[in-house]
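Every number in this text was worked out from the coordinates using simple rules, so none of it is lab data. Since we're looking at a predicted model, the values are computed, not measured. Heads up, the Cβs are rebuilt from the backbone with ideal geometry, glycines too, and the neighbour counts pull from every protein chain shown.
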Amino acid sequence: MHIGIAEDDQDQQDLLRLWLEEANHTVAAHGTVAQYIDALKKERFDMLLIDWMLPDGTGADLLQWARGNLGWETPILVLTARDDEETVVSALQAGADDYVVKPPKPAELLARVAALGRRVRSGALPVLRLGAFEIDIQRQRLSLDGEPVMLTQKEFDLSAYLFQNPGKLLSRDHLLNKIWGLNAEVDTRTVDTHVSRLRKKLGLDGSKGWKLVPVYGVGYRFERIEQPA
């Protein structure tokens, strides 16, 4: 798996990298909330490993951003120097899947990473909750502000794929192959037609917190729009 680490202590960061790379994972590590969020906007990770206390914020800040922008598909493991009930409950309520008390023991850490990885690979399909939207992939349902939205099968498939890949530049050919298949007898104009329908049905003009932005000559980027306080 490709794992993103948020840890400001360089010695701890190096140790985590060593253990994870020896277990055949790849790692990208950052020391602040700001750096980590910037990385999450540019890079896709299979799992996030987050220290609870960082120089410019907390693990809760990162969890809130990750769950709000990336959804609930990506497993998140929190590292905390405190094992009191209040801290653990706060981490889990903020969106963590599991936690490890610092200093971490290598065998325990790798076991928890492996367990979260198995959970993702098990085929359990997530319910994505992002702002006003809820996408139940298992039941093929999408709700906006708590109300179900009537979508065709391809509209649902496209919307679910977009919500699982926020911030990524997605070409028309890529979307065509992912949603309709390599051998589909349709062209890229079909993608544009479905994008237009989703914009209208789901309010993907920024008014509902998300915007489907055209990238000239390439395709689209699905972006989270910061709402005014």
Under a plain spin-label model, where a point goes 7 Å from the Cα along Cα-to-Cβ, how far apart in nm are Val127 and Ala111?
3.1
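Find how much the distance from Asn177 to Met53 grows on full extension, using 0.36 nm per residue of separation minus their present alpha carbon separation; answer in nm with one decimal. Please list the in-between numbers first.
Values: separation 124, 0.36 × 124 = 44.64 nm, distance 4.20 nm.
Length gained, Asn177 through Met53: 40.4 nm.
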In nm, what is the difference between 0.36 nm times the number of residues separating Tyr216 and Ala34 and their Cα-Cα distance?
62.6 nm
Taking Cα atoms only, helix 10-22 is inclined relative to the longest principal axis of the chain by an angle, in degrees rounded to 10, of 70
A chain fully extended from Glu86 to Asp192 at 0.36 nm per residue, minus the present Cα-Cα distance, gains in nm 33.3 nm
DSSP beta bridge pairing in region 2-121, given as percent antiparallel to the nearest 5
10
Please give, to one decimal in nm, the separation of the simple spin-label points placed at Asp14 and His2, each 7 Å out from Cα toward the Cβ.
2.6
Simple spin-label estimate for Val101 and Thr26 in nanometres, 7 Å along Cα-Cβ
3.5
If each DSSP helix of 4+ residues adds -39,500 (n - 2.57) and the sum is divided by the residues in the chain, what number results at 222 nm, nearest 500 deg cm²/dmol?
-12000 deg cm²/dmol
Compute the label zone of Trp72 within region 128-161: residues whose backbone N is under 11 Å from the point 7 Å along Cα-to-Cβ.
128-130, 134-137
